[in-house]
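All remarks here apply to the structure that follows.
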Amino acid sequence: MKQTTLLFALLLLNSIYSFSQELGSKTLEEIRLKQIENIKDPELWDMERMKGDIDSIREREPIRFGAFPVPHYSSLGFNYGGGGEVNNRMARSLPDYRITVEDKEIVFASFQMGNSELYKEEQRNTAFFTVITVIDTVDTKNFALGASRIISRNHPDYTGQGSFITKDNKVEFVAFATPDKGSFAIVNMRLFHLEYGNIILITPQKDGSFRSLQVQGSVPPAEGSFEYIKTNVLQREEVIKFLTAEGVI
């Protein structure tokens with residue numbers, strides 16, 4: 001038992017050392033403290049970025065986006081690494097991107113992480129959060145009602161939020177990933193620890209309540225997200241049963 005414990009400790013220390021080496025001489029704790037200090041330093045603020053943010057308010061997001069001065073991303077000494085969002089809010093307007101499971105129309109939003117060197121290799125270039133839900137209405141242009149976006153202003157953290165509106169309810173979500181504290185999401189005030197499943201399925205119910213199902217999956221970026229969700233996630237028996245259960249809108 002002692003030998004097993006010692007071996008585990010050595011492996012853990014080796015992984016920590018290896019990850020620290022990727023960051024040069026800094027630890028994640030030191031980078032976090034530097035980020036906090038940079039936010040307070042007007043000399044580091046990217047004012048042009050803030051001016052652009054002032055014009056990007058969207059009323060359908062659950063938390064009103066605020067235009068704060070933020071430090072230049074390079075001030076931490078590490079690149080942002082990129083990121084993005086994939087969704088199928090176009091619903092019926094582009095038939096190739098319409099998804100149905102039996103008689104249920106499905107929409108999703110997926111927040112993607114780029115190649116940030118501050119994150120572990122297996123976390124990069126994939127989705128840290130995907131929400132999948134059922135809708136029962138679209139607008140006059142056949143788009144699912146709502147809005148969503150990923151925000152890079154909290155570098156080195158990834159944050160995203162959005163909503164999908166049904167006839168009698170609204171699915172609202174906020175998610176974030178950090179290199180040091182983990183990844184989390186809040187959907188209609190239900191908290192999810194995303195290391196236990198980064199895909200969250202939500203079904204609005206006819207009685208006004210919700211049901212949730214948390215599953216794991218390696219959702220790829222860009223076009224791959226749509227295919228993976230359609231041909232992998234939505235083909236799982238437990239997912240089909242969940243989305244088509246009695247009481248779902």
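The values are calculated or read from the model by the stated rules, or taken from the named source; none is laboratory data. Keep in mind that this is a model prediction, so the values were computed, not measured. As a convention, Cβ positions derive from the backbone with ideal geometry for all residues, glycine included, and neighbour counts pool all protein chains shown. Note: areas computed on protein heavy atoms with side chains; ligands, DNA, RNA excluded. Shrake-Rupley method; radii C 1.70, N 1.55, O 1.52, S 1.80 Å.
Observations on the structure shown:
- Annotation note: of Phe192, Phe226, Phe173, the sole residue that is of a type in the set (Phe, Trp, Tyr), open to solvent by less than 20 Å² (accessible area, probe 1.4 Å), modelled with pLDDT under 95 and not assigned by the TED database to the domain that holds Ile31 is Phe226.
- Hits in segment 24-49 - residues which are open to solvent by less than 90 Å² (accessible area, probe 1.4 Å), over 19 Å from Glu117 (Cα atoms) and either touching a Cys at 6+ places or on another chain (Cβ under 9 Å) or not in a helix (DSSP H, G or I) (or both): Asp41, Trp45, Asp46
- Residues of segment 94-114 satisfying the condition of being at pLDDT 90 or above and exposed (fewer than 14 other Cβ atoms within 10 Å of the Cβ): Thr100, Glu102, Asp103
- One residue stands out among those in segment 149-160 that are open to solvent by less than 10 Å² (accessible area, probe 1.4 Å) and assigned to a strand (DSSP E or B): the one that is farthest from Ile39 (Cα to Cα), which is Gly160.
- With respect to the stated conditions, Ala91 fails to be buried (at least 18 other Cβ atoms within 10 Å of the Cβ) and modelled with pLDDT of 90 or more.
- Count - residues of segment 50-76 that are assigned to a helix (DSSP H, G or I), of a type outside the set (Ser, Thr, Tyr) and under 13 Å from Asn154 (Cα atoms): 2
- The residue that is farthest from the chain's Cα centre (by Cα), among those in segment 125-148 that are open to solvent by 10 Å² or more (accessible area, probe 1.4 Å) and on the phi > 0 side of the Ramachandran plot, is Asn142.
- Within segment 176-188, being over 11 Å from the mean Cα position of the chain (by Cα) and open to solvent by 30 Å² or more (accessible area, probe 1.4 Å) holds for Asp180, Lys181, Asn188.
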